[in-house]
Amino acid sequence: MSTLVLGIESSCDETAAAVVRDGRDILSNVISSQVPIHTIYGGVVPELASRNHIMNINGVIRQSLSDAGVTLDDIDAVAVTFGPGLVGALLVGVAEAKALAYGRGLPLVGVNHMEGHVCANFLDYKELEPPFLCLIVSGGHTHLAMMEDYGSFRILGQTRDDAAGEAFDKVARAIGLGYPGGPKVEAAAKRGDPEAYHFPRGKVTDHPYDFTFSGIKSAVLNFLNHASMSGETVRQEDVAASFQQAVVDVLVERAVAAALSLKQDRLVLAGGVACNGALRAALESACEREGIRLYRPRPILCTDNAAMIASAGYFHFLKGDRADWSLNAVPGLEL
């Protein structure tokens, strides 16, 4: 018998709901983006995000059920992101999921947002099963981890300061591209020369799988300030391309080195920055050269969505994991 899980995601500025069958088949995946609302402010305004989640969440859930051709009577469990993320935004999704689960007598499953990003791969690769190595790259997190079993991770390395996505956003703002930074830097970089300028590839001494991106960010800002003071003209596209290349080089080098050291022949890419075409191409090339199978979900499943939350929730549901009515938002939740 099939198991249908309703997933709810509201950790940042996307209000999303999805229905997934048996953790791998998407029946619906509805995403309401707030990007136009936050663009004028140059980034996500937490209070506005929370208010818009409240306004959108019921309609998004209704649409996801309609698109899937089911009703709440057909749902076997409700899965919801409870962290990490913006506390107010998370609370909207958690409260909604608890109300639905309580009202319908359904099991409630709390899901780590970062685990959800990894599980997005199960939706595009039905044959994929743990254990495998993961590179998780998003606006707030950069991790290298082993997924040893469903719901079980061992962290090998993580960022010591800025996440890769955060660096993209800050550099985009500095060179006048605005928000959202990742897609705009990538678009500009396509018209630029990645070798025009050299920015540092940061390393953490004695921790080969950790990341640091604050140095790259600071180097770009210092370069721009120096150019401005000296009257030097720089091409926005060249700065974007050179910065992006530095970040991609670091991510690819760490991930491939970890795979070879641990004798892993499968690497899973996950997170919002996994949409970046330069990163995907560089990883594909490096993995092919080293005999590593690369898994990376289609772009719509890399960004925040509820199908990945429903998938992760399904595997927790099978293990008997249940949240009680005290489930709360945990903005700093660790993987």
> If residue 107 satisfies every condition in (1) surrounded by 18 or more Cβ atoms within 10 Å (Cβ to Cβ); (2) within 21 Å of the chain's Cα centre (by Cα); (3) not aliphatic (A, V, I, L, M) but one, which is the exception?
Replying inline: (2)
> residue 181 passes all but one of (1) more than 27 Å from residue 254 (Cα to Cα); (2) modelled with pLDDT under 95; (3) surrounded by 19 or more Cβ atoms within 10 Å (Cβ to Cβ); which number fails?
Replying inline: (1)
>> Filter region 70-113 down to the residues that are within 16 Å of residue 3 (Cα to Cα), among the hydrophobic types (A, V, I, L, M, F, W, C) and part of a loop (DSSP other than H, G, I, E, B) and list them by number.
In response: 70, 75, 106
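One line per residue, one yes/no per condition, for (1) over 19 Å from the mean Cα position of the chain (by Cα); (2) surrounded by fewer than 21 Cβ atoms within 10 Å (Cβ to Cβ); (3) without any contact (Cβ under 8 Å) to a residue 24 or more places away in the chain; (4) part of a loop (DSSP other than H, G, I, E, B):
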| site | (1), (2), (3), (4) |
| --- | --- |
| 8 | no, no, no, no |
| 17 | no, no, no, no |
| 23 | no, no, no, yes |
| 32 | no, yes, no, no |
| 36 | yes, yes, yes, no |
| 49 | no, no, no, no |
>> With the structure loaded, tell me whether residue 70 is in contact (Cβ under 8 Å) with a residue 24 or more places away in the chain, β-branched (Val, Ile, Thr) and either surrounded by 24 or more Cβ atoms within 10 Å (Cβ to Cβ) or within 18 Å of residue 139 (Cα to Cα) (or both) or whether it fails that test.
In response: no
> Which of (1) in contact with a Phe, Trp or Tyr (Cβ under 7 Å, 6 or more places away or on another chain); (2) surrounded by fewer than 17 Cβ atoms within 10 Å (Cβ to Cβ); (3) of a type outside the set (Lys, Arg); (4) modelled with pLDDT of 95 or more is the odd one out, the single condition residue 55 does not satisfy?
Replying inline: (1)
> Which members of region 191-209 meet the condition of being surrounded by fewer than 20 Cβ atoms within 10 Å (Cβ to Cβ) and either within 21 Å of residue 142 (Cα to Cα) or free of Cβ contacts under 8 Å to residues at least 12 places away in the same chain (or both)?
Replying inline: 200, 201, 203, 204, 205, 206, 207, 208, 209
> What are the residues in region 149-167 that are among the small types (Gly, Ala, Ser), closer than 24 Å to residue 317 by Cβ and touching a Phe, Trp or Tyr at 6+ places or on another chain (Cβ under 7 Å), if any?
Replying inline: 151
> Could you give every pair whose Cβ atoms fall below 7 Å, whose first residue belongs to region 131-155 and is touching a residue at least 12 places away in the same chain (Cβ under 8 Å), and whose second residue is part of a strand (DSSP E or B) and among the aromatic types (Phe, Trp, Tyr), counting only separations of at least 6 or pairs across chains?
Replying inline: 142/211; 145/153; 146/153; 147/132; 147/153
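Go through region 211-236 and give me each residue that's part of a helix (DSSP H, G or I) and farther than 20 Å from residue 163 by Cβ.
The first filter runs over region 211-236 and keeps only residues part of a helix (DSSP H, G or I), leaving 214-230, 236.
Answer for region 211-236, where residues must be part of a helix (DSSP H, G or I) and farther than 20 Å from residue 163 by Cβ: 222, 223, 224, 225, 226, 227, 228, 229, 230, 236.
Only one of these is crowded, with 20+ Cβ neighbours inside 10 Å, assigned by TED's automatic domain parsing to the domain that holds residue 14 and among the hydrophobic types (A, V, I, L, M, F, W, C): 240, 306. Name it. So that I can check it myself, show each step before the final result.
On the way: 240 fails: assigned by TED's automatic domain parsing to the domain that holds residue 14.
That would be 306, the only listed residue that is crowded, with 20+ Cβ neighbours inside 10 Å, assigned by TED's automatic domain parsing to the domain that holds residue 14 and among the hydrophobic types (A, V, I, L, M, F, W, C).
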> What's the number of the condition residue 13 fails, among (1) among the acidic types (Asp, Glu); (2) at pLDDT 95 or above; (3) over 19 Å from residue 101 (Cα atoms)?
Replying inline: (2)
> Out of curiosity, is residue 164 in the same structural domain as residue 280 (by TED's automatic domain parsing) and either surrounded by 21 or more Cβ atoms within 10 Å (Cβ to Cβ) or modelled with pLDDT of 90 or more (or both)?
Replying inline: yes
>> Cβ-Cβ under 9 Å, sequence separation 6+ or interchain: first residue in region 256-275 and of a type in the set (S, T, N, Q), partner assigned to a loop (DSSP other than H, G, I, E, B). Which pairs?
In response: 261/208; 261/209; 264/131; 264/292
> Out of (1) within 19 Å of residue 146 (Cβ to Cβ); (2) in the same structural domain as residue 164 (by TED's automatic domain parsing); (3) of a type in the set (Gly, Ala, Ser), what's the single condition that is false for residue 312?
Replying inline: (2)
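Name the residue, out of 239, 273, that is in a helix (DSSP H, G or I), touching a helix residue (DSSP H, G or I) at 6+ places or on another chain (Cβ under 8 Å) and modelled with pLDDT under 95. Give the steps one after another, and end with the answer.
Numbers: 239 fails: modelled with pLDDT under 95.
Within the list 239, 273, the selection yields 273.
The values are calculated or read from the model by the stated rules, or taken from the named source; none is laboratory data. These numbers were taken from a predicted model, which means no experiment stands behind them. In this analysis, Cβ positions are derived from the backbone assuming ideal geometry, glycine residues included, and neighbour counts consider all displayed protein chains.
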